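Okay, structure first, notes after.
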Amino acid sequence: KKNEAKPVNINGKARFFNVARFSPVAKGQHLLLEAFASEKWRDRDWQVSFIGVSGFGKTYLEKMATFFGLADDRIRIIEHTENVLDEMINHDVLLMPSMAEGTPFAMIESMAAGRPALGTPVGGIGELLIDNKTGWFCRSVDVKDISDKLEEVWQQRSEWTRLGKN
C-alpha cells in the first residue's frame with residue numbers, strides 16, 4: 001500500500017536518504033559523499049538515496065560520487081517524485097548536512113514518518129533535533145564533524161527505531 005508505515009530497518013542494508021535540491025553551497029550533499037568515502041564505510045552494507053536531484057545537479061552529483069570513489073550501487077539518485085513520503089518510508093535515516101537552511105520541511109515530514117535524522121546546526125534544524133533523542137545533531141558543518149556523527153549513527157543502529165518514534 002502507498003504511504004503505509006514501514007518499520008525502520010536495523011538489520012541488513014542501511015538505507016540512508018537526503019531530500020533536497022542539489023546545492024553544495026546550501027544543502028551540503030558533497031559532505032555526505034566525502035564522509036561515506038572513508039575507509040570505514042567500504043565494507044559496510046549501506047546505500048544513500050538523494051531524492052529530488054535532477055538536471056545539472058544529478059550529473060554533478062554522479063561526478064562527485066565518482067570522484068570520491070563511491071560505487072554506483074551505493075549512490076541512488078531519485079529525480080522529482082510526486083510522493084516524497086513513499087520514498088521516505090522506504091528508507092531508514094534522513095541525512096541533512098545543510099550548510100544553510102530555514103525550517104526544513106523534509107525533516108519534519110521524515111520525523112513524522114518515524115525516521116530519525118542527522119542534521120547540522122543551521123537554520124531551524126536545532127529546533128527539531130535533540131542529539132541522541134530524536135536523531136543526531138552535528139557540532140558543525142565541517143565534514144569531520146559530520147563523519148564523526150555518521151559513525152555514531154552506524155554504531156547506534158539498534159536505536160534507530162526508538163529515535164524515530166521519539
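A few points about this structure:
- Positions within segment 55-85 being surrounded by 14 or more Cβ atoms within 10 Å (Cβ to Cβ) and out of contact with any helix residue (DSSP H, G or I) (no Cβ under 8 Å at 6 or more places or on another chain), in sequence order: 57, 58, 60, 62, 76
- Within segment 88-166, helices (runs of 4 or more DSSP H) holding 1 or more residues that are within 25 Å of residue 38 (Cα to Cα) and among the aromatic types (Phe, Trp, Tyr): 143-155, 160-165
- All positions within segment 118-157 that are open to solvent by 10 Å² or more (accessible area, probe 1.4 Å), hydroxyl-bearing (Ser, Thr, Tyr) and at pLDDT 95 or above: 140, 147
- Residue count for segment 91-140, restricted to those that are in contact (Cβ under 8 Å) with a residue 12 or more places away in the chain and of a type in the set (Phe, Trp, Tyr): 2
- Condition met for residue 79 (of a type outside the set (Lys, Arg) and without any contact (Cβ under 8 Å) to a residue 60 or more places away in the chain): yes
- Among the residues listed as 111, 99, 88, the single one being open to solvent by 40 Å² or more (accessible area, probe 1.4 Å) and touching a strand residue (DSSP E or B) at 6+ places or on another chain (Cβ under 8 Å): 111
- Taking the criterion of being assigned to a strand (DSSP E or B) and open to solvent by 40 Å² or more (accessible area, probe 1.4 Å), the only residue of segment 1-46 that qualifies is 15.
The values are calculated or read from the model by the stated rules, or taken from the named source; none is laboratory data. If you're wondering where the values come from, they're calculated on a predicted model, not measured in any experiment. Glycine also receives a Cβ, built like all others from the backbone with ideal geometry; neighbour counts cover every protein chain displayed. Calculation scope for accessible area: heavy atoms of the full protein, side chains included, ligands and nucleic acids excluded. Shrake-Rupley method; radii C 1.70, N 1.55, O 1.52, S 1.80 Å.
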